[in-house]
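The values are calculated or read from the model by the stated rules, or taken from the named source; none is laboratory data. Bear in mind that the values here come from a model prediction, so they are computed numbers and not experimental data. Here the Cβ is made from the backbone with ideal geometry for all residues, glycine too, and neighbour counts use every protein chain on show.
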Amino acid sequence: MRSLVLHPPVSIARDFIDYPYCSDLGAVQLAAVLDARGHETHLVDAYALAGSGLTWRDDGRAHLGASVAEVRSTVRGLTRVRGAPDLVVVAYTPFHRPPLRDDILGELLAGLREDLPRATVLLADCYQSGQHYVEADGDAVLGAYPECDAWVKYEAEETLPELAERVARGERVRGVFHGREVASLDALPLPAWAKVDLGARDRFSMRVVAGLGRGAWAFPIDGRTLPLVTSRGCPFTCTHCSSNPGRAEGAPKTQRRYGAARLREYLRELVRVHRATRLEVLDELINVNERHWETFLDVTDELAVRYDIPNGMRADYLDARHFERMRAKVTTVSVSAESGSQRVVTEVVRKRLELQAIVRVAEDAQRAGVPLMVHYIIGLPGETGAEINATLAFALDLYERFGAWPAVQFATPLPGTSLAKGRALPVVTDWGPRFQTDPSQPDMGVTPDELRRFKWTFDERLRASSGPQKVIMNVTYVCNNHCTFCAVGTRTQVDGHPTRQREHLAKYRALGVKLVDFDGGEPTLNPELIPLIRYARAIGYERVNVTTNGRLCAYEDFARKLVSSGLTSLLVSVHGADAQSHAQQVGVAEAFEQTIAGIRNVTKHAPAGVELGMNVTVTKGNHERLEDLARLAWELGLRWMNVQFLTPFGRATKWIAPDTQRAADLAREVITRWEDRMKFQVINLPFCFMPGMERVMTGDLGKLQRHMIFVNNDDVNLAEYLAERRVRKPVCESCPHAVFCGGFYELDAVPEPPWLVRPEDLVRKVV
């Protein structure tokens, strides 16, 4: 009998595209099975045709593989040469979307039915773990694809040959067939990669990597990358997992593995016959059996082949020697914690795992120089906001201490999982993106809206922790204002040592820092400011900001030199909308007139690309006039406003601070009216005071990755200092923004920091 096995092009959501999981392995395996039974079998792989690639669709989905037209043309060409097939097997694993009709698969099936009207067309499940199997009603699937005669559900390798024999005898094959689990993987023929144009498939893989723009991110495809599975199933019973979908009700979960000899044969064929240089191991859990895992490591060492294991491994089955053996072989090792709360791990997920194993593995991976990814889930049933925060804090801690990259997803009750039992599941067009962007269940303990806020906050916090670092250099404590809230307070009026400050700049630039902010005191009063700016740019700092009261810029020549010195942004501090209110804040009667003149000069002379903004410190004396300050900024040509609440520095006390909620409400009103014309940033304010305006409140995250130089001293971590002076209130425990926000500043009884300047900092020691 003539049979055709076809791996179709795949449509997949942008938010959940992981190319290792969309492999053609299943079709290649099915072709081998039919071949072994003596059928004349041909394989058409949409990933291995001349036009195979990645195409972005208008709906945000990706088309992986050749076009439907090219696949049909290839099938018609085979038919002309070899004759029409009696059986067409289309590899199909319910990946995210069933039972809804996929337009690409539907178009292909309709075309096959038109081109091959007499053939029996079967959909056949292909075992590929990692695809988040979505349980679906068989009649609904066949209803979505009426072009098909039958669907082999679950594993097809045992059942498909039986159906093929029936077709060969001229029988009609119709309906849904429950595929049996393959009892012995050793009995399976090895995948028929010889039937695939691997050169064309390699070119497809490179196009996918280029189209995704990921380069070497996470699980790269380079050289010849081929997928494989060395085991099927998982013996564990995590509630969210859809592994072992075809087992009988009440049957235990098991894992079936290749024997050592067959595994060696399999790996050697992939590398020595098919010339694979990297393997994508799609096992659900390759390291659950130590002998099997050690065999895999031994053979891959022998073959000197690289590999990745996208589905991850059990942390408690890994130890330091495994990481040493994987070093330089893998791109990323992946493990799952699921939660940072042991109660959730044990009672909700039902994962038999102690979280200390995750900590140990993170440390081992860092020591061995192996990148580690840790998976977490938020939004599980009965999980509290406090437990979600425990998870996010745990994830951040492992990232910041050991570089263990956190992958946080929403709990998604896939049909067929324990998590879905007893729940009225929503009808969705695609389950995939819900893991990343769309909480799918409203009764999971925390509302979907709150979950989105937890995830958004965490992502922003993570972005800050892994983002560019900044140097903030107080170049002087000298100042010509006497602000009521001054962070410097009454400290010694002294400039920084120019040589030492250049040394600090060079030190942090050598560490990769590319952002610098010159502050004070009043930085323009240090005659070395402009030379420092030029020096910073000369050694590679890409962004240079100066925060100033602007008074010296009233001298036009100085203003022109300053904005032309290489800085990329300039913030001018204005704390009152008129001379009187400004003077009340800064203690100098003539300051307003000079500052406004300075702003006019810098706007006049600033080169294109230099961003100009206004910095406002919110006090009891000016918070009622934030609207006037915004209007003033606009009239002066400033398109950026930095609204800064008080911190426990220097002269700042509760007597200067306004009612925080009142000030926040007024700031919200101003921002709402002006943000279509100006950029706003709110600093030093907990999120709970301005819910819904998180977009303008991320400035505090800059404190996470900044280095402070206090005139000549850089040995104090300001972020830690500030964290120690924040307090948390009961509401903070479950707040979706807790991993971002350190809590509330208490301005009472906060001493002036002794480290702002020290006598020994005034002169450089001679050794």
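Considered as a group, the residues in the stretch 626-652 that are assigned to a loop (DSSP other than H, G, I, E, B) and at pLDDT 95 or above include one that is nearest to THR548 (Cα to Cα), and that residue is LEU638.
Listed by position, the strands (runs of 3 or more DSSP E) inside the stretch 526-625 whose residues that are out of contact with any Gly (no Cβ under 8 Å at 6 or more places or on another chain) number at least 1 are 543-548, 611-617. Which of (1) in contact with a helix residue (DSSP H, G or I) (Cβ under 7 Å, 6 or more places away or on another chain); (2) without any contact (Cβ under 8 Å) to a residue 12 or more places away in the chain is the odd one out, the single condition THR346 does not satisfy? If we test THR346 against (1) in contact with a helix residue (DSSP H, G or I) (Cβ under 7 Å, 6 or more places away or on another chain); (2) without any contact (Cβ under 8 Å) to a residue 12 or more places away in the chain, just (1) comes out false. Checking each residue in the stretch 665-698 for being modelled with pLDDT under 95, crowded, with 21+ Cβ neighbours inside 10 Å and touching a Leu at 6+ places or on another chain (Cβ under 8 Å) picks out only MET697.
Here SER205 fulfils each of the conditions (1) among the polar types (S, T, N, Q); (2) within 26 Å of the chain's Cα centre (by Cα); (3) assigned to a loop (DSSP other than H, G, I, E, B) apart from (3). Considering only residues of the stretch 34-55 that are among the charged types (D, E, K, R) and not in a strand (DSSP E or B), which is farthest from ALA210 (Cα to Cα)? So the residue we want is ARG37. In the condition set (1) buried (at least 22 other Cβ atoms within 10 Å of the Cβ); (2) acidic (Asp, Glu); (3) over 19 Å from PRO433 (Cα atoms), GLU147 is compliant with all but (1). Of all residues in the stretch 410-450, those that are in contact with a strand residue (DSSP E or B) (Cβ under 6 Å, 6 or more places away or on another chain) and within 21 Å of VAL348 (Cβ to Cβ) total 3. Cβ separations smaller than 9 Å between residues 6+ apart or across chains give the following pairs from the stretch 59-72 residues that are in contact (Cβ under 8 Å) with a residue 40 or more places away in the chain to residues that are among the basic types (Lys, Arg) and surrounded by fewer than 20 Cβ atoms within 10 Å (Cβ to Cβ): GLY60/ARG14; ARG61/ARG14; ALA62/ARG14; HIS63/ARG57. I'd like to check something: does the stretch 532-540 contain any residue that is more than 40 Å from the chain's Cα centre (by Cα), of a type outside the set (Gly, Ala, Ser) and buried (at least 16 other Cβ atoms within 10 Å of the Cβ)? Checked the stretch 532-540: no residue is more than 40 Å from the chain's Cα centre (by Cα), of a type outside the set (Gly, Ala, Ser) and buried (at least 16 other Cβ atoms within 10 Å of the Cβ). Screening LEU112, LEU100 for residues that are modelled with pLDDT of 85 or more and either assigned by TED's automatic domain parsing to the domain that holds VAL28 or under 20 Å from ARG166 (Cβ atoms) (or both) leaves exactly one candidate, LEU112.
The set of residues in the stretch 56-87 being under 15 Å from LEU116 (Cα atoms) and not in a helix (DSSP H, G or I) consists of GLY83, ALA84, PRO85, ASP86, LEU87. Filtering the stretch 718-737 to residues that are aromatic (Phe, Trp, Tyr) and modelled with pLDDT of 75 or more leaves nothing.
Condition first: part of a helix (DSSP H, G or I) and β-branched (Val, Ile, Thr). Can you find one or more residues in the stretch 476-497 that meet it? Within the stretch 476-497, not a single residue is part of a helix (DSSP H, G or I) and β-branched (Val, Ile, Thr). May I ask you to verify whether ARG668 is part of a helix (DSSP H, G or I) and closer than 30 Å to GLY512 by Cα? So ARG668 fails the test. With respect to being within 23 Å of the chain's Cα centre (by Cα), under 30 Å from PRO426 (Cβ atoms), buried (at least 20 other Cβ atoms within 10 Å of the Cβ) and at pLDDT below 95, THR447 falls outside the description. Scanning the stretch 512-525 for residues that are modelled with pLDDT of 90 or more, outside any strand (DSSP E or B) and under 23 Å from LEU571 (Cβ atoms) yields a total of 6. Surrounded by 24 or more Cβ atoms within 10 Å (Cβ to Cβ) and on the phi < 0 side of the Ramachandran plot: does that describe VAL81? Considered against the rule, which asks whether it is surrounded by 24 or more Cβ atoms within 10 Å (Cβ to Cβ) and on the phi < 0 side of the Ramachandran plot, VAL81 comes out as no.
If you take the residues in the stretch 360-394 that are more than 16 Å from ARG452 (Cα to Cα) and small (Gly, Ala, Ser), which one is modelled with the lowest pLDDT? So, considering only residues that are more than 16 Å from ARG452 (Cα to Cα) and small (Gly, Ala, Ser), the one modelled with the lowest pLDDT is GLY382.
Selection within the stretch 128-145: residues that are outside any helix (DSSP H, G or I) and touching a Lys or Arg at 6+ places or on another chain (Cβ under 9 Å). The member of this set that is nearest to GLY26 (Cα to Cα) is SER129. Of all the criteria given as (1) at pLDDT 95 or above; (2) crowded, with 19+ Cβ neighbours inside 10 Å; (3) in the same structural domain as ALA84 (by TED's automatic domain parsing), the one not satisfied by GLY175 is (2). Pairs meeting the criteria (first residue in the stretch 165-193 and over 23 Å from PRO245 (Cα atoms) and assigned to a helix (DSSP H, G or I), second residue modelled with pLDDT of 95 or more and among the hydroxyl-bearing types (Ser, Thr, Tyr), beta carbons under 7 Å, at least 6 apart or on different chains) are VAL167/THR120. Evaluating ALA91 against the criteria (1) surrounded by 17 or more Cβ atoms within 10 Å (Cβ to Cβ); (2) out of contact with any His (no Cβ under 6 Å at 6 or more places or on another chain) leaves one unmet condition, (2). In the set (1) buried (at least 17 other Cβ atoms within 10 Å of the Cβ); (2) within 40 Å of the chain's Cα centre (by Cα); (3) among the hydrophobic types (A, V, I, L, M, F, W, C), the condition left unmet by VAL588 is number (2). All told, ARG509 falls short of being over 22 Å from ASP714 (Cβ atoms), modelled with pLDDT of 90 or more and in a helix (DSSP H, G or I). Criterion applied to THR230, THR239 was being under 23 Å from VAL273 (Cβ atoms), of a type in the set (Val, Ile, Thr) and outside the structural domain of GLY51 (by TED's automatic domain parsing), and the one residue passing it is THR230.
Of all residues in the stretch 181-199 being in contact with a Phe, Trp or Tyr (Cβ under 8 Å, 6 or more places away or on another chain) and charged (D, E, K, R), which is surrounded by the most Cβ atoms within 10 Å (Cβ to Cβ)? Only one residue fits best here, namely GLU181.
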